[in-house]
């Protein structure tokens, strides 16, 4: 969290995650080159490596793009999200190896600057089928570099999470460029590999379907919050699972209403659903050790005031709540981040809805 | 303009931009980063090294903030904006 930056906040899970990525990449490249040597006797080892790096980057990019919606659909995928940035950096490194070796092999020995050669060796910018696919790959590589280079939390704090997230949404532009790069490259190759086109289509359809389904499922209910209402009836107390939340749309953004155990009985508190770290969905997290814990990276906030426990300094807006006749009423006007809002007290029995 | 000439201009502009960024980045990660972000003041060499490529890429943003002596900006979203507006009305 925000106490002091470190290069990487290593822990056992992150090391395990990164070792798995590294082992997966090595196994994939070994298999790709091994099978290539056995089945494509005319292909050089350099060509197989270039294609292996590119295929690995494309595969990892699909994994990166699938993790978000998968986590929305099933929380069992959340461990994959935990260290997704390292997966993104690995994708860039594979793409860099692919691009670097390609430029060296195909553009490094001419009279032109290799980068000029990439942009100008195929001048068919006015043709759809003969469009210079290498320029598209180069542009995608620049985007992947920008995303990898700004993946540290320093950038989140100094660009702010909404700007950082908008910047990192450009990954979809990179994905489109890479799809076009691969498709045009295949189309312009003498052998025209149809299997690759089919795989690309399946990959794109899979990513698009996951995003559509997750987006449909994610729609938050908007309770009747007519202007002038001082409190909005959002749900019954028993609708909220213990130590978890239900999410509602209030004041043009999602609000997470938590029911949690505390000293002397259960409480209900409401906070903005948006984690200050990467704008993760706090309402999909749990209350752990008395703190709301973001499901994405474990950032924590106290339910009653939206402050991270010391020494951390993140704060989120809170909402005033009360319980009347087993119904949870939330004031739709957000309190400034870090403002104490007295939680509604429910007594000791689980699910009891005593008025606060 | 021929395609080769246009490509040369694009590559030249990018090279100049990156060269300026590479010249700026070491000074920024050494002295500037702690000025704009207190959490970076006593951060180690590894952190400074890891942000270096991004600093070289986004150097105009950081240079402007360093010169203005600004701290990290406040995040904005619908709730934070509404809360700030409410607090402003209360203090008026």
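Quick notes
- Inter-probe distance in nm under a simple model that places probes 7 Å from Cα toward Cβ, at residue B:6 and residue B:61: 2.9 nm
- Helix axis angle, A:84-107 relative to chain A longest principal axis, alpha carbon, degrees: 20 degrees
- For chain A, the mean residue ellipticity at 222 nm estimated from helices alone is -16000 deg cm²/dmol, where every DSSP H run of n ≥ 4 contributes -39500 (n - 2.57) and the total is divided by all residues, rounded to the nearest 500.
- Look at A:304, A:342 and count the other Cβ atoms within 10 Å of each Cβ; fewest to most, that gives A:342, A:304.
- Between residue A:112 and residue A:126, the modelled label-to-label distance comes to 1.8 nm, taking each label 7 Å out from Cα in the direction of the beta carbon.
- Mean per-residue shielding of peptide A:119-132 is 2, counting Cβ atoms of other chains within 10 Å of each Cβ.
- Euclidean distance between Cα centres, segment A:1-32 to segment A:272-316, Å: 24 Å
- Stretched out straight at 0.36 nm per residue, the stretch from residue B:84 to residue B:71 would grow longer than its current Cα-Cα span by 2.8 nm.
- Listing A:50, A:247 from fewest to most neighbouring C-beta atoms within 10 Å gives A:247, A:50.
- With respect to chain A, whose longest principal axis is taken over its alpha-carbon atoms, helix A:133-149 is tilted by about 40°.
- Residue exposure sequence - B:51, A:35, A:207 - by fewest surrounding Cβ within 10 Å: A:35, A:207, B:51
- Peptide ranges A:83-93, A:12-22 listed from the most packed, as the mean C-beta count within 10 angstrom indicates: A:83-93, A:12-22
- Segments A:209-217, A:157-165, A:330-338 sorted - mean Cβ within 10 Å per residue, highest first: A:330-338, A:157-165, A:209-217
- Taking one quarter of the surface of the convex hull spanned by the alpha-carbon atoms of the protein assembly as shown gives a direction-averaged projected area of 26.1 nm².
- Full extension of the segment from residue A:288 to residue A:187, taken as 0.36 nm per residue of separation minus the current Cα-Cα distance, would add 31.0 nm.
- Helix A:194-218 vs. chain A, principal-axis angle (Cα, 0 to 90°, nearest 10): 10 degrees
- 10 Å Cβ neighbours from other chains, averaged over peptide A:249-256: 3
- Averaged over the residues of peptide A:334-342, the number of Cβ atoms from other protein chains lying within 10 Å of each residue's Cβ is 4.
Values quoted throughout were computed directly from the atomic coordinates according to the rules given, and no laboratory measurement underlies them. Source: prediction; values computed, not measured. Cβ sites come from the backbone with ideal geometry, for glycine too, and all protein chains shown count toward neighbours.
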